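Following: one structure in C-alpha coordinates, then a few remarks.
The values are calculated or read from the model by the stated rules, or taken from the named source; none is laboratory data. Everything numeric in this text was worked out from a predicted model, so none of it was measured. Note: ideal-geometry Cβ built from the backbone for every residue, glycine included; neighbour counts use all protein chains shown.
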Amino acid sequence: MTRPRRLHHPGVEPSCPRCGGDGLIVEREGEHAVAHVCVCASSKPCPMCDDTRWVRGDKPPDGRKAPVTRCDCHRFEQRLALLSRAHLPGRLAHCTFDNYSITNPVEQAEPYGIARALAHGFKPGGINRGFVLWGPVGRGKTHLLAATVRVLVLEHGVEARFVEFSHLLSALKGRFDAGKGAAAILDELVAVEVLAIDELGKGMLTEWELSVIDELVSRRYNAARTVLATSNYKPGPPTGVARPNLADNRPEMQPSLSDRVGERVHSRLAEMCEIRYLGGKDWRQRPQARW
Ligand SMILES: [Zn+2]
Ligand SMILES: [Zn+2]
(Lines give C-alpha, C1' and ligand atoms only; values in the text may rest on other atoms or scores of the structure.)
(Ligands and ions follow the chains in the order given, each with its own letter.)
Protein backbone atom coordinates (compact mmCIF):
# COMPACT_ATOMS: atom_id res chain seq x y z
CA MET A 1 0.00 0.00 0.00
CA THR A 2 1.41 3.41 -0.89
CA ARG A 3 0.80 5.89 1.84
CA PRO A 4 0.04 9.53 1.09
CA ARG A 5 2.92 11.78 2.07
CA ARG A 6 2.49 12.75 5.70
CA LEU A 7 2.15 16.50 5.80
CA HIS A 8 4.80 18.33 7.86
CA HIS A 9 5.05 21.97 8.80
CA PRO A 10 7.90 23.39 6.65
CA GLY A 11 9.35 25.32 9.60
CA VAL A 12 9.68 22.37 11.97
CA GLU A 13 12.94 21.54 13.76
CA PRO A 14 13.62 17.91 12.76
CA SER A 15 15.12 17.06 16.16
CA CYS A 16 12.45 18.87 18.25
CA PRO A 17 11.84 16.85 21.44
CA ARG A 18 8.30 18.22 21.85
CA CYS A 19 6.80 17.14 18.50
CA GLY A 20 9.34 14.57 17.27
CA GLY A 21 9.94 16.63 14.14
CA ASP A 22 6.55 16.83 12.44
CA GLY A 23 5.24 20.01 14.10
CA LEU A 24 2.18 18.34 15.60
CA ILE A 25 1.11 18.69 19.24
CA VAL A 26 -2.19 17.12 20.33
CA GLU A 27 -3.15 17.78 23.92
CA ARG A 28 -6.09 17.78 26.25
CA GLU A 29 -7.86 21.10 26.56
CA GLY A 30 -10.89 20.73 28.78
CA GLU A 31 -13.14 18.00 27.49
CA HIS A 32 -11.55 17.57 24.06
CA ALA A 33 -8.21 16.88 22.38
CA VAL A 34 -6.94 19.97 20.58
CA ALA A 35 -4.17 20.05 17.93
CA HIS A 36 -1.58 22.86 17.75
CA VAL A 37 1.46 23.66 15.63
CA CYS A 38 4.53 23.02 17.81
CA VAL A 39 6.37 26.07 19.06
CA CYS A 40 9.50 24.95 17.14
CA ALA A 41 7.65 25.91 13.93
CA SER A 42 5.20 28.56 15.13
CA SER A 43 7.80 30.76 16.88
CA LYS A 44 9.35 31.98 13.61
CA PRO A 45 8.11 32.92 10.10
CA CYS A 46 7.50 29.98 7.74
CA PRO A 47 10.70 29.41 5.70
CA MET A 48 8.67 28.54 2.58
CA CYS A 49 6.22 31.46 2.44
CA ASP A 50 7.32 33.98 5.11
CA ASP A 51 3.83 33.56 6.62
CA THR A 52 2.00 34.69 3.46
CA ARG A 53 0.56 31.11 3.25
CA TRP A 54 1.17 31.09 -0.55
CA VAL A 55 4.14 29.77 -2.55
CA ARG A 56 5.04 30.21 -6.21
CA GLY A 57 5.73 26.96 -8.08
CA ASP A 58 8.31 26.30 -10.82
CA LYS A 59 8.04 28.42 -13.97
CA PRO A 60 6.48 26.33 -16.77
CA PRO A 61 8.73 25.87 -19.88
CA ASP A 62 6.17 27.60 -22.14
CA GLY A 63 6.93 30.97 -20.53
CA ARG A 64 3.61 31.33 -18.69
CA LYS A 65 3.62 32.68 -15.15
CA ALA A 66 4.53 30.22 -12.41
CA PRO A 67 1.41 28.99 -10.56
CA VAL A 68 0.79 30.13 -7.00
CA THR A 69 -0.37 27.48 -4.55
CA ARG A 70 -1.10 27.15 -0.86
CA CYS A 71 1.97 26.61 1.32
CA ASP A 72 2.24 23.35 3.28
CA CYS A 73 2.12 25.40 6.51
CA HIS A 74 -1.43 26.46 5.61
CA ARG A 75 -2.55 22.93 4.68
CA PHE A 76 -0.94 21.61 7.88
CA GLU A 77 -2.80 24.17 10.02
CA GLN A 78 -6.07 23.30 8.26
CA ARG A 79 -5.65 19.62 9.12
CA LEU A 80 -4.88 20.46 12.74
CA ALA A 81 -8.08 22.54 12.90
CA LEU A 82 -9.96 19.60 11.38
CA LEU A 83 -8.53 17.27 14.03
CA SER A 84 -9.64 19.64 16.81
CA ARG A 85 -13.14 19.62 15.27
CA ALA A 86 -13.25 15.80 15.32
CA HIS A 87 -14.08 16.10 19.06
CA LEU A 88 -11.75 13.35 20.27
CA PRO A 89 -12.11 13.18 24.05
CA GLY A 90 -9.18 14.81 25.86
CA ARG A 91 -8.13 11.51 27.50
CA LEU A 92 -7.47 10.09 23.99
CA ALA A 93 -5.20 12.95 22.82
CA HIS A 94 -2.13 10.68 22.90
CA CYS A 95 -3.64 7.67 21.07
CA THR A 96 -1.84 6.55 17.90
CA PHE A 97 -1.32 3.20 16.19
CA ASP A 98 2.36 3.33 17.19
CA ASN A 99 1.66 3.53 20.92
CA TYR A 100 -1.03 0.80 20.95
CA SER A 101 0.57 -2.24 22.55
CA ILE A 102 -0.53 -5.67 21.41
CA THR A 103 -0.61 -7.95 24.46
CA ASN A 104 -2.24 -10.92 22.74
CA PRO A 105 -1.43 -11.27 19.01
CA VAL A 106 -4.10 -13.96 18.48
CA GLU A 107 -6.90 -11.70 19.67
CA GLN A 108 -5.54 -8.29 18.74
CA ALA A 109 -3.29 -8.39 15.66
CA GLU A 110 -6.13 -8.79 13.13
CA PRO A 111 -8.46 -6.06 14.44
CA TYR A 112 -5.45 -3.76 14.84
CA GLY A 113 -4.44 -4.48 11.23
CA ILE A 114 -7.96 -3.82 9.94
CA ALA A 115 -8.19 -0.45 11.68
CA ARG A 116 -4.72 0.57 10.53
CA ALA A 117 -5.31 -0.55 6.92
CA LEU A 118 -8.59 1.37 6.74
CA ALA A 119 -6.97 4.50 8.18
CA HIS A 120 -3.98 4.56 5.80
CA GLY A 121 -5.82 3.19 2.75
CA PHE A 122 -8.95 5.37 3.06
CA LYS A 123 -10.24 6.75 -0.24
CA PRO A 124 -11.68 10.24 0.40
CA GLY A 125 -14.96 10.70 -1.46
CA GLY A 126 -15.17 6.94 -2.22
CA ILE A 127 -16.96 4.07 -0.55
CA ASN A 128 -14.95 2.81 2.43
CA ARG A 129 -15.95 -0.16 4.56
CA GLY A 130 -15.80 0.73 8.26
CA PHE A 131 -15.32 -1.50 11.29
CA VAL A 132 -16.97 -2.49 14.56
CA LEU A 133 -14.55 -3.62 17.28
CA TRP A 134 -16.28 -5.43 20.11
CA GLY A 135 -15.16 -7.14 23.27
CA PRO A 136 -14.70 -6.62 27.00
CA VAL A 137 -13.75 -3.24 28.43
CA GLY A 138 -10.11 -2.19 28.83
CA ARG A 139 -8.65 -3.85 25.69
CA GLY A 140 -7.99 -0.61 23.83
CA LYS A 141 -10.95 -0.55 21.41
CA THR A 142 -11.38 3.16 22.00
CA HIS A 143 -7.63 3.74 21.56
CA LEU A 144 -7.80 2.16 18.09
CA LEU A 145 -10.91 4.17 17.20
CA ALA A 146 -9.16 7.42 18.16
CA ALA A 147 -5.95 6.42 16.32
CA THR A 148 -8.01 5.74 13.18
CA VAL A 149 -9.72 9.15 13.34
CA ARG A 150 -6.34 10.82 13.83
CA VAL A 151 -4.81 9.22 10.72
CA LEU A 152 -7.92 9.86 8.60
CA VAL A 153 -7.79 13.56 9.42
CA LEU A 154 -4.02 14.15 9.33
CA GLU A 155 -3.14 11.92 6.40
CA HIS A 156 -6.17 12.37 4.14
CA GLY A 157 -7.82 15.59 5.33
CA VAL A 158 -11.05 13.66 6.00
CA GLU A 159 -13.73 15.34 8.08
CA ALA A 160 -14.42 12.92 10.92
CA ARG A 161 -16.41 13.08 14.13
CA PHE A 162 -15.94 11.03 17.30
CA VAL A 163 -19.00 10.59 19.53
CA GLU A 164 -19.47 8.74 22.79
CA PHE A 165 -22.77 6.92 22.38
CA SER A 166 -24.32 7.79 25.74
CA HIS A 167 -23.17 11.46 25.51
CA LEU A 168 -24.68 11.68 22.05
CA LEU A 169 -28.01 10.37 23.30
CA SER A 170 -28.11 12.80 26.21
CA ALA A 171 -27.22 15.73 23.90
CA LEU A 172 -30.02 14.75 21.52
CA LYS A 173 -32.47 14.26 24.38
CA GLY A 174 -31.51 17.64 25.88
CA ARG A 175 -32.27 19.43 22.62
CA PHE A 176 -35.49 17.50 22.15
CA ASP A 177 -36.67 18.32 25.69
CA ALA A 178 -35.78 21.99 25.18
CA GLY A 179 -38.15 22.01 22.19
CA LYS A 180 -35.26 22.61 19.76
CA GLY A 181 -35.51 19.25 18.04
CA ALA A 182 -32.67 16.83 17.44
CA ALA A 183 -32.60 17.39 13.67
CA ALA A 184 -29.63 19.79 13.53
CA ILE A 185 -27.32 17.45 15.48
CA LEU A 186 -28.50 14.45 13.48
CA ASP A 187 -28.03 16.25 10.15
CA GLU A 188 -24.45 17.09 11.13
CA LEU A 189 -23.69 13.49 12.11
CA VAL A 190 -25.22 12.18 8.88
CA ALA A 191 -23.21 14.61 6.74
CA VAL A 192 -19.74 14.09 8.23
CA GLU A 193 -17.55 11.83 6.05
CA VAL A 194 -16.58 9.45 8.85
CA LEU A 195 -18.53 8.93 12.06
CA ALA A 196 -16.80 7.09 14.92
CA ILE A 197 -19.19 5.90 17.66
CA ASP A 198 -17.64 4.76 20.94
CA GLU A 199 -19.48 2.29 23.22
CA LEU A 200 -22.37 1.60 20.88
CA GLY A 201 -25.31 0.14 22.80
CA LYS A 202 -24.39 1.59 26.21
CA GLY A 203 -27.10 3.12 28.41
CA MET A 204 -30.75 2.65 29.24
CA LEU A 205 -31.99 3.07 25.66
CA THR A 206 -35.56 4.28 25.51
CA GLU A 207 -37.78 3.76 22.46
CA TRP A 208 -37.10 7.36 21.43
CA GLU A 209 -33.32 6.86 21.67
CA LEU A 210 -33.54 3.67 19.62
CA SER A 211 -35.51 5.46 16.93
CA VAL A 212 -32.86 8.20 16.76
CA ILE A 213 -30.03 5.66 16.40
CA ASP A 214 -32.03 3.85 13.74
CA GLU A 215 -32.48 7.09 11.81
CA LEU A 216 -28.78 8.01 12.11
CA VAL A 217 -27.47 4.64 10.94
CA SER A 218 -30.12 4.31 8.20
CA ARG A 219 -29.33 7.71 6.75
CA ARG A 220 -25.59 7.05 6.77
CA TYR A 221 -26.23 3.63 5.21
CA ASN A 222 -28.33 5.19 2.42
CA ALA A 223 -25.63 7.79 1.79
CA ALA A 224 -22.89 5.09 1.86
CA ARG A 225 -20.89 7.00 4.46
CA THR A 226 -18.39 5.22 6.67
CA VAL A 227 -19.26 4.24 10.23
CA LEU A 228 -16.67 3.09 12.78
CA ALA A 229 -17.74 1.81 16.18
CA THR A 230 -16.74 0.04 19.35
CA SER A 231 -19.09 -1.95 21.54
CA ASN A 232 -19.04 -4.13 24.63
CA TYR A 233 -21.89 -6.17 23.12
CA LYS A 234 -21.40 -9.17 20.89
CA PRO A 235 -22.79 -8.66 17.38
CA GLY A 236 -25.35 -11.29 16.42
CA PRO A 237 -29.05 -12.05 16.33
CA PRO A 238 -31.41 -11.05 19.17
CA THR A 239 -31.18 -13.24 22.27
CA GLY A 240 -34.17 -11.78 24.10
CA VAL A 241 -31.97 -10.52 26.95
CA ALA A 242 -32.63 -6.79 26.95
CA ARG A 243 -30.52 -5.54 29.89
CA PRO A 244 -27.06 -6.68 30.94
CA ASN A 245 -27.19 -8.64 34.18
CA LEU A 246 -24.14 -7.40 36.07
CA ALA A 247 -24.49 -10.08 38.75
CA ASP A 248 -24.41 -12.90 36.22
CA ASN A 249 -21.68 -12.77 33.58
CA ARG A 250 -22.52 -16.03 31.83
CA PRO A 251 -22.50 -15.30 28.06
CA GLU A 252 -26.11 -16.50 27.63
CA MET A 253 -27.26 -13.89 30.16
CA GLN A 254 -25.76 -10.99 28.21
CA PRO A 255 -27.66 -9.13 25.50
CA SER A 256 -26.33 -9.04 21.93
CA LEU A 257 -25.74 -5.86 19.96
CA SER A 258 -29.06 -6.54 18.17
CA ASP A 259 -30.85 -6.62 21.54
CA ARG A 260 -29.33 -3.26 22.40
CA VAL A 261 -29.64 -1.24 19.18
CA GLY A 262 -32.28 -3.14 17.21
CA GLU A 263 -32.01 -5.71 14.44
CA ARG A 264 -32.16 -3.21 11.61
CA VAL A 265 -29.24 -1.11 12.91
CA HIS A 266 -27.27 -4.28 13.57
CA SER A 267 -27.83 -5.70 10.08
CA ARG A 268 -26.90 -2.40 8.41
CA LEU A 269 -23.69 -2.22 10.42
CA ALA A 270 -22.92 -5.81 9.46
CA GLU A 271 -23.20 -4.77 5.79
CA MET A 272 -21.18 -1.56 6.14
CA CYS A 273 -18.45 -2.77 8.49
CA GLU A 274 -15.86 -5.43 9.23
CA ILE A 275 -16.80 -6.80 12.64
CA ARG A 276 -13.96 -8.06 14.83
CA TYR A 277 -13.48 -9.24 18.40
CA LEU A 278 -10.74 -7.43 20.32
CA GLY A 279 -9.54 -9.41 23.30
CA GLY A 280 -6.22 -9.52 25.14
CA LYS A 281 -5.24 -8.29 28.59
CA ASP A 282 -7.18 -5.62 30.41
CA TRP A 283 -5.15 -2.41 30.02
CA ARG A 284 -6.59 -0.96 33.17
CA GLN A 285 -5.00 -3.76 35.24
CA ARG A 286 -1.53 -3.06 33.86
CA PRO A 287 0.89 -0.82 35.76
CA GLN A 288 1.69 1.31 32.70
CA ALA A 289 -2.00 2.02 32.00
CA ARG A 290 -2.54 5.66 31.07
CA TRP A 291 -6.12 6.00 32.25
ZN1 LIG B 1 8.46 20.79 17.56
ZN1 LIG C 1 4.32 28.57 4.75
Residue match in segment 118-135 (condition: closer than 18 Å to residue 278 by Cβ, away from ligand 2 (no atom under 16 Å from the Cβ), in a helix (DSSP H, G or I) and out of contact with any strand residue (DSSP E or B) (no Cβ under 8 Å at 6 or more places or on another chain)): yes
Regarding segment 169-184, can at least one residue be identified that is assigned by TED's automatic domain parsing to the domain that holds residue 272 and under 15 Å from the mean Cα position of the chain (by Cα)? no
For segment 8-24, enumerate the residues that are within 9 Å of ligand 1 (Cβ to nearest atom) and buried (at least 20 other Cβ atoms within 10 Å of the Cβ). 9, 12, 19, 23, 24
The lone condition residue 71 fails out of (1) away from ligand 1 (no atom under 16 Å from the Cβ); (2) surrounded by fewer than 12 Cβ atoms within 10 Å (Cβ to Cβ) is (2)
Selection over segment 126-154 where residues are more than 13 Å from the chain's Cα centre (by Cα) and in contact (Cβ under 8 Å) with a residue 60 or more places away in the chain yields a count of 10
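Consider residue 95 carefully, then state whether it is at pLDDT 95 or above and within 16 Å of ligand 2 (Cβ to nearest atom). Quick ask: steps written out before the conclusion?
On the way: at pLDDT 95 or above: yes; within 16 Å of ligand 2 (Cβ to nearest atom): no.
Criteria not met by residue 95.
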Within segment 1-54, the residues that are within 14 Å of ligand 2 (Cβ to nearest atom), touching a strand residue (DSSP E or B) at 6+ places or on another chain (Cβ under 7 Å) and among the basic types (Lys, Arg) are 53
